[in-house]
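The values are calculated or read from the model by the stated rules, or taken from the named source; none is laboratory data. No experiment lies behind these values; they were computed from the predicted model shown. A quick note on method: Cβ atoms are made from the backbone with ideal geometry, for glycine too, and the neighbour counts reach across all protein chains shown.
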Amino acid sequence: MSRLPITKTPKVYVGGAFIRSESARVFPLKDAAGNFFANIPQCTRKDLRNAVEAAAKAGPGWAKRTAYNRGQIIYRLGEMIEARAGEMAEAIALGGASKVAAAKEVAATVDRLIYYAGWADKYEQLLGNVNPVAAPYFNFTVTEPMGIIGVLAPEQAPLLALVSLFAPAITSGNTVVALASTSQPYPAILLGEMLATSDLPGGVVNLLTGYRKEMVPTFATHTHLRALVGAANADERKALALGAADSVKRLHLVKTEELPDWYADSAQSLEAVRSTLEFKTTWHPIGA
Amino acid sequence: MPTLASEKKTTRPSARPGRPAPELIFGDLWEFDPAPETADPKLKARYELFINGEFVAPKSGKYFDSVNPANEQKLAEIALASAADVDAAYQAAKAAYDNVWSKLPGRERAKYLFRIARLLQDRAREFAVAETLDGGKPIKESRDFDVPMAAAHFFYHAGWADKLDYVAPGRRVAPLGVVGQVIPWNFPLLMLAWKLAPALAMGNTVVLKPAETTSITCLKLAEILQDAGLPPGVVNFVTGAGEVGAAVMNHPIPAKIAFTGSTEVGKIIMRSLAGTDKKMTMELGGKAANIVFDDAPLDQAVEGIVNGIFFNQGHVCCAGSRLLVHEPVAKEVLAKLKNRIKVLRVGDPIDKNTDIGAINSKEQLGKITSLVASGVKEGAEMFQPACKLPTKGFYFRPTIFSGVSMSHRVAREEIFGPVLSILTFRTVDEAIEKANNTAYGLSAGVWTDKGSRILKMSTELKAGVVWANTYNKFDPTSPFGGYKESGFGREGGRQGLLDYCKLV
């Protein structure tokens, strides 16, 4: 006797909670064979603003965690994905990837997280330094997280690219609002569940699903997003740059026309961590 | 014979609880004779564009006057570049990059920069006088700060040119190509050095536009570049106002644009570059909080406050223009400040005793005047010493506003003049909240005797530079640049080099 399975209602992970879009809108997701799979939240500008608020609340606490603690938590996220690797691979395969390719993407994603987990308590030693000023001052430059980072994931490599983009930002204590692949949103939905069980405080990573066209203008102009990282086409890059000018926002965008090989070693770097950091220099007199 | 007990009865100014120290009114007792710096600035009557290693007349044949803001007299006429001149400069820069500069080993590039530093040191006094005549800053500042610091920037960056493998750990770096740079009028020669030295050390070639009111030391430096034998086209200077700047920004050749100036103009540039692949560095405005706690050494703090806001007539993007004073010492600090600024000498910038020189231009004087009027209108209490100002030239009295609230324009907008706004706070958290409550984030100052508090404040203040128990200190080894709407990118130090290279 066959049993009708219980299907899961996809929800996005924002502020540590699983929510539907405030607009109550959804869009249907089909599997590679064209069969209906589930309705995905079609998030709005308002959802984005709410997510930024959640990220703002989580920010100071996350940035104040010790580097050692942030490293352990990011490692824990790797553990959570590894433990559910099969399920995640199926989510990726929905988009048409072969089982082997999907499993490879999950494995590469976990490895990427482990890579950044290890950076958490080391990047400062390489990026900051003491400056030998020509006067009796102790002068040092350290890094600080920029704050809330907007992430625009590309359509392909729906898990690996998304994680490759946000992991360096949270490694240093930033919080993130990310828009997942529109055509392959389900891995991001599932990733939310893994984030929720990873010890990462709610609001540190907020994942939205929906249409880029609706969301990009608000990513561009939201004053509290201090930097945008991700992939964008020529029109989006121009729109994002115009919006960024209003609040002197930092942009680190790759072209969708020439995306990096997300599996390559070059897709992970100290520079990716640096791209969402500010340098701060402090002068202190030396004297009795 | 005095006993210990009788010694204790002796009262000293520092031992009069609740009463300020006695006032010393130097003005009535001391008359300063004029002490002008007399070194010859060796100015030419006319300055041409500097393109491809030569001084060339602008294609339009047009020139504009550079005036001395201290007396409104014409100093020289400066070539007005057109788009065609800017294009010629970029073509020269590109040819120099492709054929010469990118092929030179770093150690050879270094030698040119060392030479420039040395030649500038040789002619330091001449440059200092030229800088003061053209820009209005006191000679003691151009002599002791601007020119030596500019030379130091060339010397520091020279040594990097053959050590670039150490700039980005684990990565190789490469120059970007041709860089377009636009600099402001507040530190004409120093900003030029901040821009040129790292760009050249990294192997880029440059087209740079100085501000239209302060082109002279830039074009004098061109003489040094010739004397140093710098290959033609590696550095090109085009002069003029905003439209020349726009031509520099929007030309297709530069791979990177570096700008120092107001946040307003920075945003316009960012918009104009939207949709291009040009990299950018923006060093923009500020409204820095200078925070004084009740345990601070107050006399020292008052000196720091004065230096923070009246240095270079307050034409400083990182000026400590918002003074946040801990309530228990607010009255005392205000009284000390008033006494202190009564004895600041405002006047002829070329006089070696002058503390506050001339406002850079009539336009800037108008801007300061109108913002100060808004402060009075919005209800802040204004204090200005009754000093005599020269009859000709552009001058503004050092000005203090007390009773300022966060919503006042004088607490929010960058005045870029000798105007200090004083606010008070009760707790550390309130100080942090008020200090960070601005779109800017360039710099901040903290005055306290408590080391742990300095480190906490430094961590919490959203600013690129934090001065603890000091203010307005700069060094080529020390990265400078802003958070938030004060811009992005750093200048100086290892970190500053990162903005002039790509990782390969």
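What the table shows:
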quantity	calculated
Breaking point among (1) in contact (Cβ under 8 Å) with a residue 24 or more places away in the chain; (2) under 28 Å from B:F488 (Cα atoms), for A:M80	(2)
Single residue of the stretch B:207-233 satisfying the filter (in contact with a Leu (Cβ under 7 Å, 6 or more places away or on another chain) and over 19 Å from B:I78 (Cβ atoms)) that is surrounded by the most Cβ atoms within 10 Å (Cβ to Cβ)	B:A228
Residue in the stretch A:192-202 that is of a type in the set (D, E), more than 14 Å from every other protein chain (Cβ to nearest Cβ) and in contact (Cβ under 8 Å) with a residue 12 or more places away in the chain present	yes
Number of the exception - A:T281 against (1) of a type in the set (V, I, T); (2) in a loop (DSSP other than H, G, I, E, B); (3) within 13 Å of chain B (Cβ to nearest Cβ)	(2)
Any hit, the stretch B:245-268, residues being within 13 Å of another protein chain (Cβ to nearest Cβ), more than 17 Å from the chain's Cα centre (by Cα), surrounded by fewer than 23 Cβ atoms within 10 Å (Cβ to Cβ) and of a type in the set (V, I, T)	yes
Residue ranges of helices (runs of 4 or more DSSP H) in the stretch A:61-174 with at least 2 members in contact with a Ser or Thr (Cβ under 7 Å, 6 or more places away or on another chain)	A:67-83, A:99-119, A:123-127, A:160-171
Considering residues of the stretch B:494-504 that are surrounded by fewer than 24 Cβ atoms within 10 Å (Cβ to Cβ) and facing chain A (nearest Cβ under 7 Å) only, the residue farthest from B:K287 (Cα to Cα)	B:L503
Sole exception among (1) surrounded by 15 or more Cβ atoms within 10 Å (Cβ to Cβ); (2) within 29 Å of A:L126 (Cβ to Cβ); (3) within 12 Å of another protein chain (Cβ to nearest Cβ) for A:S266, by number	(1)
Of all residues making up the stretch B:65-112, the number that are more than 19 Å from B:G245 (Cβ to Cβ) and of a type in the set (V, I, T)	2
Check on B:A197, surrounded by fewer than 24 Cβ atoms within 10 Å (Cβ to Cβ), touching a residue at least 12 places away in the same chain (Cβ under 8 Å) and not in a loop (DSSP other than H, G, I, E, B)	no
Breaking point among (1) among the acidic types (D, E); (2) within 11 Å of chain A (Cβ to nearest Cβ); (3) under 19 Å from the mean Cα position of the chain (by Cα), for B:E460	(3)
Residues of the stretch A:101-157 satisfying the condition of being aliphatic (A, V, I, L, M) and either within 24 Å of B:E485 (Cα to Cα) or within 14 Å of another protein chain (Cβ to nearest Cβ) (or both)	A:L126, A:L127, A:V130, A:V133, A:A134, A:A135, A:V142, A:M146, A:I148, A:I149, A:V151, A:L152
Positions within the stretch B:279-307 being more than 10 Å from chain A (Cβ to nearest Cβ), assigned to a loop (DSSP other than H, G, I, E, B) and not small (G, A, S), in sequence order	B:K287, B:F293, B:D294, B:D295, B:P297
From B:D33, B:D28, residue being in a helix (DSSP H, G or I) and either touching a Ser or Thr at 6+ places or on another chain (Cβ under 7 Å) or modelled with pLDDT under 95 (or both)	B:D28
Residue within the stretch A:27-37 that is buried (at least 16 other Cβ atoms within 10 Å of the Cβ) and not in a strand (DSSP E or B) present	no
Options B:A435, B:A444; residue that is within 25 Å of the chain's Cα centre (by Cα), in a helix (DSSP H, G or I) and not basic (K, R)	B:A435
The stretch B:405-432, residues that are under 27 Å from B:P138 (Cβ atoms) and either of a type in the set (S, T, Y) or part of a loop (DSSP other than H, G, I, E, B) (or both)	B:E413, B:E414, B:I415, B:F416, B:G417, B:P418, B:S421
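Results for (1) at pLDDT 95 or above; (2) within 19 Å of A:V177 (Cβ to Cβ); (3) buried (at least 20 other Cβ atoms within 10 Å of the Cβ); (4) of a type outside the set (V, I, T), shown as yes or no for each residue.
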position	(1), (2), (3), (4)
A:I40	yes, yes, yes, no
A:R45	yes, yes, no, yes
A:R49	yes, yes, no, yes
A:A55	yes, yes, yes, yes
A:A85	yes, no, no, yes
A:A91	yes, no, yes, yes
A:A101	yes, no, no, yes
A:R112	yes, no, yes, yes
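For (1) on the phi > 0 side of the Ramachandran plot; (2) more than 9 Å from every other protein chain (Cβ to nearest Cβ); (3) touching a residue at least 24 places away in the same chain (Cβ under 8 Å); (4) surrounded by 23 or more Cβ atoms within 10 Å (Cβ to Cβ), each residue gets a yes or a no:
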residue: B:R397; (1), (2), (3), (4): no, yes, yes, no
residue: B:H408; (1), (2), (3), (4): no, yes, yes, no
residue: B:D429; (1), (2), (3), (4): no, yes, no, no
residue: B:E433; (1), (2), (3), (4): no, yes, no, no
residue: B:G451; (1), (2), (3), (4): no, no, no, no
residue: B:W467; (1), (2), (3), (4): no, no, yes, yes
residue: B:P479; (1), (2), (3), (4): no, no, no, yes
